Amino acid sequence: MHQDIDRILEDARKFSAKTKEEVEQFRIKHLGKKGVVADLFKRFKELPVDQKKEVGQKINQLKQFVSEKIELMLAETQDKKAVESQMDLTLPGPPLQLGSRHPISIVRNQIIDIFGRLGYTISEGPEIEDDWHVFSALNFPPEHPARDMQDTFFIEKDPDVLLRTHTSSVQVRVMEKEEPPIRTISPGRVFRNEAISARAHCIFHQVEGLYIDENVSFADLKQTLLYFAREMFGQAVEIRLRPSYFPFTEPSAEMDISCQICGGKGCNVCKYTGWLEILGCGMVDPNVLEFCHIDSNKYTGFAFGMGIERVAMLKYQVRDLRLYFENDVRFLKQFQAAY
């Protein structure tokens with residue numbers, strides 16, 4: 001009898017059903033009034049007393065196993081149509097989680113929109129450039145120490161092929177192809193061989209602007225940048241221009257804005273000066289105009305350039321530049337409602 005129980009248990013383990021009808025046949029075969037379990041209990045009565053305890057336990061284990069298997073097969077073969085009939089297919093589905101624009105893209109679009117209202121067009125150029133467009137046409141002589149101001153990724157040294165260190169190279173291409181008046185901005189990605197830290201990265205983004213026409217003055221530059229600063233950071237912001245040096249502009253300046261965190265009163269972010277540096281600017285050097293075949297006696301112009309990451313850090317008060325490149329969803333979700 002032990003062998004019969006083991007055989008029935010093994011067959012039950014191997015059995016599988018695809019329909020409810022097959023499950024019902026399995027139930028009747030094993031648990032019906034004339035099923036194999038009922039037959040085992042009849043034979044159980046004829047056993048000697050000393051064998052009943054062990055055999056009785058095995059029969060009960062078989063019965064329990066069959067009952068549990070029937071419930072499992074019923075769940076697996078549940079009629080799909082019955083399930084669908086319980087669903088309201090007119091109800092909306094679960095909401096899809098929407099993505100968000102990257103903060104760099106948000107700020108880039110804001111900058112483009114602000115200067116677009118002033119009549120600036122958008123110019124783009126290659127990220128892999130030559131020495132002429134990145135340095136020489138911008139008044140960088142071959143041995144000039146200003147070339148060391150920007151650690152460059154060179155692809156080939158002779159002739160020089162490199163990853164652009166600023167989007168001023170795009171301005172050179174525009175001046176070579178177009179005649180004044182020129183009013184354009186050049187947003188794009190640039191590369192410099194710098195150690196990655198909270199305040200620096202080897203890849204970042206710039207927007208550079210150029211305006212060339214007759215009788216363009218430094219006053220035009222200042223008013224343009226004041227308009228930009230107040231559109232970007234609010235009407236209460238103030239600017240100041242400090243003398244500086246760039247090979248391609250003369251005179252040159254760096255522009256600071258009043259600290260948006262302390263309101264110009266002084267804090268650890270602005271190093272208690274009340275001011276934060278945001279961009280470089282100046283009047284286009286006459287040599288640059290001549291290199292690009294523009295008459296410097298007739299035309300003047302100004303140029304400016306800013307790092308988008310820097311503007312975004314000030315606008316959103318982000319302290320670590322590396323956050324923009326890590327693609328951490330927890331960080332990016334904060335900008336879903338922005339611009």
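Counting only residues that are touching a strand residue (DSSP E or B) at 6+ places or on another chain (Cβ under 8 Å) and more than 26 Å from E179 (Cβ to Cβ), how many does the stretch 281-318 have? Qualifying residue count for the region: 7.
Can you tell me which residue is nearest to L74 (Cα to Cα) among those in the stretch 1-32 that are out of contact with any helix residue (DSSP H, G or I) (no Cβ under 7 Å at 6 or more places or on another chain) and among the β-branched types (V, I, T)? So the residue we want is T19.
If you go through the stretch 76-103 and pick out every residue that is modelled with pLDDT under 80 and outside any loop (DSSP other than H, G, I, E, B), you end up with 7.
Could you list, in sequence order, all residues of the stretch 264-297 that are in contact with a Gly (Cβ under 8 Å, 6 or more places away or on another chain) and among the small types (G, A, S)? Correct list: G264, G266, G274, G280.
Selection of the stretch 222-244 for residues being part of a helix (DSSP H, G or I) and free of Cβ contacts under 8 Å to residues at least 24 places away in the same chain yields K222, Q223, L226, R230.
With the requirement that a residue be modelled with pLDDT under 90 and charged (D, E, K, R), what does the stretch 196-213 give you? Scanning the stretch 196-213 gives a single hit, R199.
If the condition is being β-branched (V, I, T) and either over 29 Å from the mean Cα position of the chain (by Cα) or loosely packed, with under 14 Cβ neighbours inside 10 Å (or both), then the stretch 203-236 contributes I212, V216, T224.
Conditions (1) within 18 Å of the chain's Cα centre (by Cα); (2) of a type in the set (S, T, N, Q); (3) not assigned by TED's automatic domain parsing to the domain that holds I212, marked per residue:
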residue: G93; (1), (2), (3): no, no, yes
residue: Q110; (1), (2), (3): yes, yes, no
residue: E129; (1), (2), (3): no, no, no
residue: F135; (1), (2), (3): no, no, no
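Just one of the numbered conditions (1) without any contact (Cβ under 8 Å) to a residue 40 or more places away in the chain; (2) surrounded by fewer than 21 Cβ atoms within 10 Å (Cβ to Cβ) is not true of A253: (2).
Once the stretch 116-147 is narrowed to residues that are in contact with a strand residue (DSSP E or B) (Cβ under 9 Å, 6 or more places away or on another chain) and within 17 Å of H205 (Cα to Cα), the residue that is surrounded by the most Cβ atoms within 10 Å (Cβ to Cβ) is V134. Is it the case that some residue within the stretch 258-268 is closer than 30 Å to C292 by Cα and surrounded by 19 or more Cβ atoms within 10 Å (Cβ to Cβ)? No, the stretch 258-268 contains no residue that is closer than 30 Å to C292 by Cα and surrounded by 19 or more Cβ atoms within 10 Å (Cβ to Cβ).
Restricting K271, K298 to residues that are surrounded by fewer than 19 Cβ atoms within 10 Å (Cβ to Cβ) and at pLDDT below 90 narrows the list to K271. Taken over the stretch 182-202, the criterion of being surrounded by fewer than 22 Cβ atoms within 10 Å (Cβ to Cβ), within 24 Å of P286 (Cα to Cα) and among the polar types (S, T, N, Q) is satisfied by T184 alone. Mind listing just one residue for me: the one in the stretch 28-54 that is assigned to a loop (DSSP other than H, G, I, E, B) and surrounded by 12 or more Cβ atoms within 10 Å (Cβ to Cβ) and, of those, modelled with the lowest pLDDT? Step by step, filter the stretch 28-54, then rank; the result is L47. Screening T165 on (1) assigned to a loop (DSSP other than H, G, I, E, B); (2) over 26 Å from V107 (Cα atoms); (3) not basic (K, R) shows it passes everything except condition (2). Restricting attention to the stretch 307-326, does a residue exist that is over 16 Å from the mean Cα position of the chain (by Cα), of a type in the set (D, E), modelled with pLDDT of 90 or more and buried (at least 19 other Cβ atoms within 10 Å of the Cβ)? No: zero hits.
The values are calculated or read from the model by the stated rules, or taken from the named source; none is laboratory data. Computed from a predicted structure; not experimentally measured. Glycine also receives a Cβ, built like all others from the backbone with ideal geometry; neighbour counts cover every protein chain displayed.
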